[in-house]
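*Asks:* Have a look at this one.
Where a number appears in this text, it was derived from the coordinates with a stated rule and is not lab data. Remember, it's a predicted structure, so these values are computed and weren't measured experimentally. Here the Cβ positions follow ideal geometry from the backbone for every residue, glycine too, while neighbour counts run over all protein chains shown.
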Amino acid sequence: MAINQILIPVALGFLPAIAWLIFFSLEDRMHPEPKKMILKVFLVGIISALAAAAIQIIIQDTAFTYYGIRDTDKISFIIFATIEELVKFAAVYLTIKGSKYLDEPVDFMIYMITAALGFAAIENSLFLSQKSSEIVLEIMVLRAVGATLLHALASGFVGFYWSRRKIVIGLLMAAVLHSGFNYLILKFNEAPVYATAILIFASFFLFYDFDIIKEGDE
């Protein structure tokens, strides 16, 4: 395999994740987190994506086969989304719990979003590596406003409710948003506008949560 067939998908996969990371970091510009912690959590997000994929494969080969569940069944979307949200949260929890840098409520949201974007970056790269070079740029743009933003929003809700000691609510919201988006993408493959509309709607709530949490920090 030519080196460009590896580097191009990786670069295009990471580009939207890094762009969104810079965008969301502006929500914490008054007291920004140390770059070393942001990098650490971003890398943890990458590792969590690989862990989630491994768990999903195991479940597919065992429980799905045993119960006759297909990848296109509604329950599969819920299961896969829940696994990803739980793994992302567990990875961040183990990384930053007790850290001296976790000193403001907004930090929970920033770190969760950072890990989510690391998760999305490697997911994008692996997805793009399987596509032909002629359409890889088009797909990258679609994933930038689709799957990449989805991960950030879902984990942002987890971070908000984690800061308020209501993590179960946050995980439920993230799983519902995540599974609903994936289902709509499959159902309306030719019209992803429906799934994108959900993300736009959810983003208003997330930024409202940012406003609430930052008011509490003042």
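*Asks:* Is there a pair in LYS97/LYS131; LYS74/LYS166; LYS40/LYS187 whose C-alpha atoms are over 28 Å apart, and which pairs would that be?
*Replies:* Listed pairs above 28 Å: LYS97/LYS131; LYS40/LYS187.
*Asks:* Let me ask you something else. Full extension from VAL141 to ILE22: what is 0.36 nm times the residue separation minus their Cα-Cα distance, to one decimal in nm?
*Replies:* Values: separation 119, 0.36 × 119 = 42.84 nm, distance 1.70 nm.
Once the chain is fully extended between VAL141 and ILE22, it gains 41.1 nm.
*Asks:* Which is the longest run of the chain containing none of the trypsin sites (Lys or Arg not before Pro) found in DSSP loop states (not H, G, I, E, B) with at most 16 other C-beta atoms within 10 Å?
*Replies:* 167-218
*Asks:* Compute the FRET efficiency between PHE188 and LYS131 as 1/(1 + (r/R0)^6), taking r as their Cβ-Cβ distance and R0 = 30 Å, and round to the nearest 0.05.
*Replies:* 0.90
*Asks:* According to a simple spin-label model (label point 7 Å from Cα along Cα-to-Cβ), what is the distance in nm between HIS31 and ALA63?
*Replies:* 3.9
*Asks:* Once you charge only the Cβ atoms, +1 for Lys and Arg and -1 for Asp and Glu, what is the size of the charge dipole of the chain about its Cα centre, to the nearest 20 debye?
*Replies:* Charge dipole of the chain: 360 debye, to the nearest 20.
*Asks:* With a sphere of radius 13 Å drawn around the Cβ of PHE14, what net charge do the other residues whose Cβ falls strictly inside it have (Lys, Arg +1; Asp, Glu -1)?
*Replies:* 0
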